[in-house]
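One structure below.
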Amino acid sequence: MQVPFGRPIIEEAEKQAVMDVLNGPILVHGPRAKQFEADFAAYTGAPHAVSVSNCTAGMHLVYFHLGLGPGDEVIVPAQTHTATAHAVALTGATPVFVDAEPHTGNMDPALIEAAVTPRTKALAVVHFLGLPADMNAIMAVARRHNLFVVEDCALAIGAKVDGTHVGLLGDAGVFSFYPVKHMTTAEGGMVITRHGDLADALRLKRAFGVDRTAEERTIPGTYEVVCLGFNYRMNELAAAMGIEQIKRMPDFLAARDRNDAALRKALAPIRGIRLLDREAPGRTPSFYCLSVILDEELAPRRFELVEKLKANGVGTSVYYPKPVPHMQYYKERYGNRDDQFPVAASISYRSIALPVGPHLDEAAMLFIADRLTSCISEIR
Ligand SMILES: *Cc1c(COP(=O)(O)O)cnc(C)c1O
C-alpha cells in the first residue's frame, strides 16, 4: 500500500467545469468567481465573501486596507505557516509573536495581553490543523484593546465555534485552496467577513483600485482609479473548480472525521508519542491532519523516522518545521531568538503530520499506525 500525505480529489465535474470555461470567452471577471463567492458565503453562513488569488494575498489585502505600516504591530501566533507573518511584514508593520498552548498548538490566549503595546493594531489568529482557537478568550482581549482580528482559516474550512463558522468570529477570515488543503482550486483564496464596507473595499483593492469592474463598463475606458490596489483576483478556471469542490465539502469533512477517529484509536497503544487534543468545548474541528509529537528520545530521530515511513509507503508532512520567529528571516529582521516560544518549539521540532484526507480510508489509517509502530521499534 502507498499512502500519500495529500492528493486533490478532482473528478469529472471539475474537469468539465474547467473545460466549459476554456470553451468560452471569459477567463477573468466572469460569472464563476461571483457564483463561487455566493456558494462559499452560503456554505460558511458569511454575509460577504470576496474571492482572491490565494490566502496569503487575501491576508495581505486585509492588512493593506487597514493602512498598516512601519511602527505598527500585529500579534501573530508563533506556531503557523510563514504566510501568516509575511502578510503582516509585507506592509512594513512588525509581527509580534505569541507562543502556543501545549495541548492544541493554538495561540495561548493567556499570553496575548503581555504582547499588546500602544502600537498594536491587529491580531492574527490561526486555527491550527483545523481545531478552532479559543476565540471567546481571544476576542475578549481583542475587544479590550480595540484590535482588528484576522482569522487565518487556511486549515480550518468547516470548523465552527459555538455554531459559527471560523472566519466570522473576528473581523475577517481568510481561506486557502492550495492543492493539499481541504478543498482546492489549484491556487486560490477567499476572505469572508461580517462587515459590508470591508468587503466592498477589498473588492476594490483586489483589482487595482478601479471603481468599475470590466463587466460594469458599458463603454470601454470609462473608469476611475480611486485608490491603490493589487491584482489579487481569482480567475474563472479556479472559480469553476471551487464551485464543484465546495459541493464535496460535507463528504470531505465526514471522511476526515472518520479517518482522524480511526487513526487516533490505532495510535493509542504506541509508546513515545503524544497527540494534540481532538476537540474542545463548543468547538467543532475540521480535521486537517493528525500531528504526532515525539518524546525526547525519539525527537532527534524525526527525519530518520520520516524517511523510514516513506520507504514503508507512508507519506508524511511537517506542520511546521520551526516556529515562524525561529526562521532565519524573522530572527535577522526582528531579533527573535531560538530560546523564545518554547511551546511552539516543542511542537514544531518534534512533530510528524500524518494524513487523514478523503483520499484515504480507514484501512489506510490502520496501515499508517502499523507502519509507525514498526518504524519506531526499528529506530529505538
Ligand atoms: C497554506 C497556508 C497558508 C498559505 O495559503 P496560500 O493559499 O498558499 O497562500 C497560510 N496560512 C496557513 C496556516 C496555511 O497552512
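The values are calculated or read from the model by the stated rules, or taken from the named source; none is laboratory data. Note that the coordinates shown come from a computational prediction; the quantities given were computed from them, not determined experimentally. Glycine gets a Cβ as well: all are built from the backbone with ideal geometry, and neighbour counts include every protein chain shown.
Remarks
- Cross-chain or 6+ apart pairs with Cβ under 7 Å, the range 177-196 first and more than 16 Å from Pro4 (Cα to Cα), then more than 10 Å from the ligand (Cβ to nearest atom) and acidic (Asp, Glu): Thr193/Asp171; His195/Asp171
- Within the range 272-284, the set of residues being under 15 Å from Ala262 (Cβ atoms) and assigned to a loop (DSSP other than H, G, I, E, B) comprises Arg278 only.
- Put simply, of Val161, Val149, Val126 the only residue that is touching a residue at least 60 places away in the same chain (Cβ under 8 Å) and of a type in the set (A, V, I, L, M) is Val161.
- Within the range 327-376, the residues that satisfy the criterion of being part of a loop (DSSP other than H, G, I, E, B), of a type outside the set (A, V, I, L, M) and over 15 Å from Val292 (Cβ atoms) are Gly335, Asn336, Arg337, Asp338, Asp339, Gln340, Phe341, Gly357, Pro358, His359, Asp361.
- Qualifying residue in the range 252-268 (condition: more than 24 Å from Ser351 (Cα to Cα) and either part of a helix (DSSP H, G or I) or modelled with pLDDT of 95 or more (or both)): yes
- Verdict on Glu113 being of a type outside the set (Val, Ile, Thr), surrounded by fewer than 19 Cβ atoms within 10 Å (Cβ to Cβ), at pLDDT 95 or above and over 15 Å from the mean Cα position of the chain (by Cα): yes
- Search result, residues across the range 75-90 that are outside any helix (DSSP H, G or I), under 14 Å from Gly58 (Cα atoms) and either within 8 Å of the ligand (Cβ to nearest atom) or touching a residue at least 40 places away in the same chain (Cβ under 8 Å) (or both): none
- Where a residue in the range 257-275 is closer than 14 Å to Asp361 by Cα and without any contact (Cβ under 8 Å) to a residue 60 or more places away in the chain and its partner, wherever it lies, is of a type in the set (A, V, I, L, M, F, W, C) and not in a helix (DSSP H, G or I), with Cβ under 7 Å and at least six apart: Asp257/Phe287; Arg264/Leu275; Arg264/Leu290
- Search result, residues across the range 18-65 that are of a type in the set (S, T, N, Q) and part of a loop (DSSP other than H, G, I, E, B): Asn23, Ser53, Asn54
- Test: Glu101 is closer than 30 Å to Tyr330 by Cα, over 17 Å from the mean Cα position of the chain (by Cα), of a type outside the set (Gly, Ala, Ser) and away from the ligand (no atom under 14 Å from the Cβ): yes
- Meets criteria (hydroxyl-bearing (Ser, Thr, Tyr), crowded, with 17+ Cβ neighbours inside 10 Å and closer than 22 Å to Glu101 by Cα) for Thr284: yes
- Qualifying positions in the range 27-74 - within 16 Å of Gly229 (Cβ to Cβ), within 16 Å of the ligand (Cβ to nearest atom) and either at pLDDT below 95 or among the hydroxyl-bearing types (Ser, Thr, Tyr) (or both): Ser51, Ser53, Tyr63
- Test: residue in the range 219-231 that is exposed (fewer than 13 other Cβ atoms within 10 Å of the Cβ), closer than 20 Å to Asn54 by Cβ and either within 16 Å of the ligand (Cβ to nearest atom) or under 20 Å from the mean Cα position of the chain (by Cα) (or both): yes
- Just one of the listed residues (Ala199, Ala186, Ala239) is within 16 Å of the ligand (Cβ to nearest atom) and in a helix (DSSP H, G or I), namely Ala239.
- Arg278 vs. criteria more than 28 Å from Phe64 (Cβ to Cβ) and at pLDDT 95 or above: no
- Qualifying residue in the range 342-352 (condition: touching a residue at least 40 places away in the same chain (Cβ under 8 Å), closer than 16 Å to Gly313 by Cβ and surrounded by 15 or more Cβ atoms within 10 Å (Cβ to Cβ)): yes
So that you can scan it fast, the table gives a plain yes or no per residue for (1) crowded, with 20+ Cβ neighbours inside 10 Å; (2) more than 16 Å from the ligand (Cβ to nearest atom); (3) charged (D, E, K, R); (4) modelled with pLDDT of 95 or more:
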| site | (1), (2), (3), (4) |
| --- | --- |
| Arg144 | no, yes, yes, yes |
| Glu151 | yes, no, yes, yes |
| Ala156 | yes, no, no, yes |
| Thr164 | no, yes, no, yes |
| Gly173 | yes, no, no, yes |
| Ser176 | yes, no, no, yes |
| His182 | yes, no, no, yes |
